[in-house]
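What follows draws every value from the coordinates through simple rules; no lab data is involved. Because the structure is a prediction, the values reported are computed rather than measured. A quick note on method: Cβ atoms are made from the backbone with ideal geometry, for glycine too, and the neighbour counts reach across all protein chains shown.
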Amino acid sequence: MDIETDGRYGNKRMHNRLGPGSGGAPSSTNGKVCNYWRAGRCNRFPCPFLHSELPEAAPPKRPTGPGGNVWRNPNTGGRGGGGHNRWGKGPGGGSGIASHKPPDRPCKYFLAGTDCSYGERCRYPHSYCISDSITMLTPLMGHEKGVTGIALPAGSDKLYSGSKDGTIRMWDCQTGQCAGVITMGREVGCMISEGPWLFVGIPDAVKVWNMQTAAEMNLTGPTGQVYALAVASELLFAAAQDGRILAWRFSAATNCFEPAASLDGHKLAVVSLIVGGMRLYSASMDKTIRVCKTCIMLTDLLTLLVWDLATLQCIQTLSDHTDVVMSVLCWDQFLLSCSLDKTIKVWAATESGNLEVTYTHKEEQGALALSGMPDAQSKPVLLCSLNDNTVHLYDLPSFSDRGRIFSKQEIRAIQMGPGGLFFTGDGTGELKHWDQQVSSDHCLEVLTTSKNMISFSPVTSFG
């Protein structure tokens, strides 16, 4: 397929003049940079303003005491997950604040899809990302409203995307072209795949397709929109708008999903589910996260509750986020959660087995979605979508900044693929295909030869 990369970085016209001319400049202009020089069109000689950028201020000295800049809960004795705490150590991560600033934002006219009058002379990058480690391969256009889910079923040569426009689009992995459209008639709230199965959340139901057998099912029970789906221990979980999490168990005898349980506890819509080890974690608009032992974790009024799946009794209550918890992610033995309170929190189990916050990373904007993948050296990379239409990429556990992705509207859907590939979907309905390894040899065709999905958290396949 044709690969389009947006990498036009404007070349600024450079001059040899590095300071004010001999004519002198009024004291009020000292230390100011010429805006016309920045745009590459200053014709004053001598110019009373500087024709060079001001040097950056020296960064503040970092603490050198025990533990560096990593915050530890004093109740954990610094253990927070068993071993030396390395969260937040590294460039841009030590203070718990996103201190690293990218070279600049892309050109606002380029992002808006309009012509930039400066063209190649524009001082802002004409690119959708500022990073040395990723590049955009191609956009996938077709949806008319925001993308809410992206999936890559095993054994299929198709990429699937769901949208608020009420459609599911199938994209050919060899050509990048839309191969078909399924009209749902209702907004798609979420979408995941597990093995050959494709699950789609819509208001009051979950649609299920088997890509190998063409079997189709309609699972009823949810009330309102289904915002999140997850699988664990032969169970399918659906998080609904009314705060309930419904579970269906797969029956190999009937090759169907049968109702298994209803997990109640949330007061508002559950918006995120993730499986980690023998637990499933969920985040809710009621600002909480709950945990169900051996399977599930939910959220409730500014607290984190732990539930025993066998008895559905709460066994632990945690409280830390101060606004809506938008997404949760499992990495290694840690749980990561992000919120509109502008924080990413790292939770770890203490020696007693309880979860406690071991590190808090502060953002400048509310956090919407988390995802993760290994880089070319198998080191973990965290992707965090913010409500300023950007996605920040961080090394873990240092939280060192390794770049940003920019979009026209908020990015709510992020899906990992094989070989360093990943996909994002924004509020305009546009999908973008990215390559983390910056290799021209990587394209959508990789998806047809590699079916091993990359995930931070282990999943359980249906029989």
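Return the FRET efficiency for the residue pair THR183, LYS408: r is the Cβ-Cβ distance, R0 is 30 Å, and the value is rounded to the nearest 0.05.
0.75
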If I model a spin label as a point 7 Å beyond the Cα along the Cα-Cβ vector, how far apart are those points for MET141 and GLN174 in nm? 2.5 nm
Net lengthening on full extension, ASP332/ALA214 (0.36 nm per residue, minus Cα-Cα): 38.9 nm
Simple spin-label estimate for GLN377 and LYS32 in nanometres, 7 Å along Cα-Cβ: 4.5 nm
Could you tell me the center-to-center distance, by alpha carbons, between region 115-136 and region 184-252 in angstrom? 40 Å
Ranked from highest to lowest mean number of other Cβ atoms within 10 Å per residue, what is the order of the peptides 107-115, 339-347, 128-136, 170-178? 339-347, 128-136, 170-178, 107-115
Pairs beyond 26 Å (Cα-Cα), from LYS362/LYS408; LYS164/LYS207; LYS379/LYS408; LYS164/LYS408; LYS267/LYS408: LYS379/LYS408; LYS267/LYS408
Protection proxy ranking of 182-195, 34-47 - average other beta-carbon atoms within 10 Å, highest first: 182-195, 34-47
In terms of the Cα gyration tensor, with a ≥ b ≥ c the square roots of its eigenvalues, is region 145-246 rounded because a/c is under 1.5, prolate because a/b exceeds b/c, or oblate? oblate
Each label point is 7 Å from the Cα along the Cα-to-Cβ direction; what then is the distance between the points at ASN43 and ALA154, in nm? 6.7 nm
